[in-house]
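The structure appears right after this line, and notes come after that.
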Amino acid sequence: MTSHDDESSDDLAPVTPLFGVRGARSGRADPEPSGHPARGIAPAEGLVPVVDDERVEAPDDGPRRDPVRDAAAALAAVSEHWSDGVAAVPAYGDEAEEPREDLDAQRTRAENVSLHALSRRGVSSSEMAALLEARDLDPEVVADEVSRLEGVGLLNDRELAENLLQTKQGRKGLGRGAVTSELRSRGIDASVIEGVLAETDDADEQARADEWAEKRAGSLRGLDRATAERRLNGYLMRRGYRSDTVRRAVEKALPRGGSSRGGVRFE
C-alpha cells in the first residue's frame, strides 16, 4: 500500500454497522430493543437520547413505575411464605387466637349478661340459657348461672307464665289458644303452661270473648249479616278463642231482631 493510500485512509471516519454486528452479518436488522425509543443504537454514556414526541406513551400524571422493580418486590413477598416449594402459611388461628377466659372470668361475665337481660323484661330459664350460650360461655358456666338465678328467685317460669297470662288476657283480650302459643314461644315447660291455664275459668273466657265481639261489631254496621258474621268470627278466632266460645259471642253481638245493647241488629 502506498503512502497516498495511507493518508486517504486516515481521513476517513470508521464505519459503524447501522444494525449491530449480528445484523450486519445476517443481512437483516435486529428488533428494536425493549424500552428504548432509538432504533437499535444505544446512546453514548453521558448523553441524553432524543425521543420522538409521537412515541411517548407514558402518562404525565405521576412518576413512571419500574416493572422490573415491581416484579422483584412481588417475588420477594411470595418468597417469604414459600420454602422448597412448600407453603409456609401459618395455621388458622395460630397467631390471631386470643387466650380463652378462665371459668371465673366467664362466671363474672355471665352475671353481667343475665342481670342486664332481667332488668329489661321477664325471662324464662330456657331463654336465659340460650342467651348465655350465644355469648360463647362454657356449658358449665351457663348451667351454674341459670341455677343460681332460679335459686334466688330471679328466674321463675311459673310466675312468668302467670304474669303473661294476666297481660295477654286482661289487657289484650286474647283467648287461651293465643296465650298458650305465647308461653310456648317463651320456652316455658308444657306442664307449667297446663297448670297455669287450668286455673282460668270458662265463664271468664266467654265474658272476655263477648266483650271484644261487641266492641268489634260496631265497625260492621252497614254490612250484610253473612259478611259481618264471617269477619267477626275470624277476628275472634285470630285472638285465640275456641270455636264454641266464638259462636256464642257472635250470636250475642249480632242478634237476629229484637233489642240488643251495643250489637248490630239483623232481620
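The values are calculated or read from the model by the stated rules, or taken from the named source; none is laboratory data. Source: prediction; values computed, not measured. A quick note on method: Cβ atoms are made from the backbone with ideal geometry, for glycine too, and the neighbour counts reach across all protein chains shown.
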The condition from (1) surrounded by fewer than 19 Cβ atoms within 10 Å (Cβ to Cβ); (2) more than 37 Å from the chain's Cα centre (by Cα) that Val196 misses is numbered (1)
Within the range 150-159, is there a residue that is modelled with pLDDT under 95, under 25 Å from Arg239 (Cβ atoms), assigned to a helix (DSSP H, G or I) and of a type in the set (D, E, K, R)?
no
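Return yes or no: is Gly170 under 18 Å from Arg208 (Cα atoms), out of contact with any Leu (no Cβ under 8 Å at 6 or more places or on another chain) and touching a residue at least 12 places away in the same chain (Cβ under 8 Å)? Let's see the steps before the verdict.
Numbers: under 18 Å from Arg208 (Cα atoms): yes; out of contact with any Leu (no Cβ under 8 Å at 6 or more places or on another chain): yes; touching a residue at least 12 places away in the same chain (Cβ under 8 Å): no.
It is false that Gly170 is under 18 Å from Arg208 (Cα atoms), out of contact with any Leu (no Cβ under 8 Å at 6 or more places or on another chain) and touching a residue at least 12 places away in the same chain (Cβ under 8 Å).
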For the range 116-141, how many residues are in a helix (DSSP H, G or I), in contact with a helix residue (DSSP H, G or I) (Cβ under 9 Å, 6 or more places away or on another chain) and of a type outside the set (A, V, I, L, M)?
6
Taking the range 106-160 as the search range and keeping residues that are touching a Lys or Arg at 6+ places or on another chain (Cβ under 8 Å) and among the small types (Gly, Ala, Ser), which one is surrounded by the fewest Cβ atoms within 10 Å (Cβ to Cβ)?
Ser126
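In the range 227-258, which residues are more than 25 Å from Leu165 (Cβ to Cβ) and hydroxyl-bearing (Ser, Thr, Tyr)? I'd like the intermediate steps shown before the answer.
Quick first cut of the range 227-258, residues more than 25 Å from Leu165 (Cβ to Cβ) only: 227-231, 251, 254-258.
Residue satisfying the conditions is Thr227 alone.
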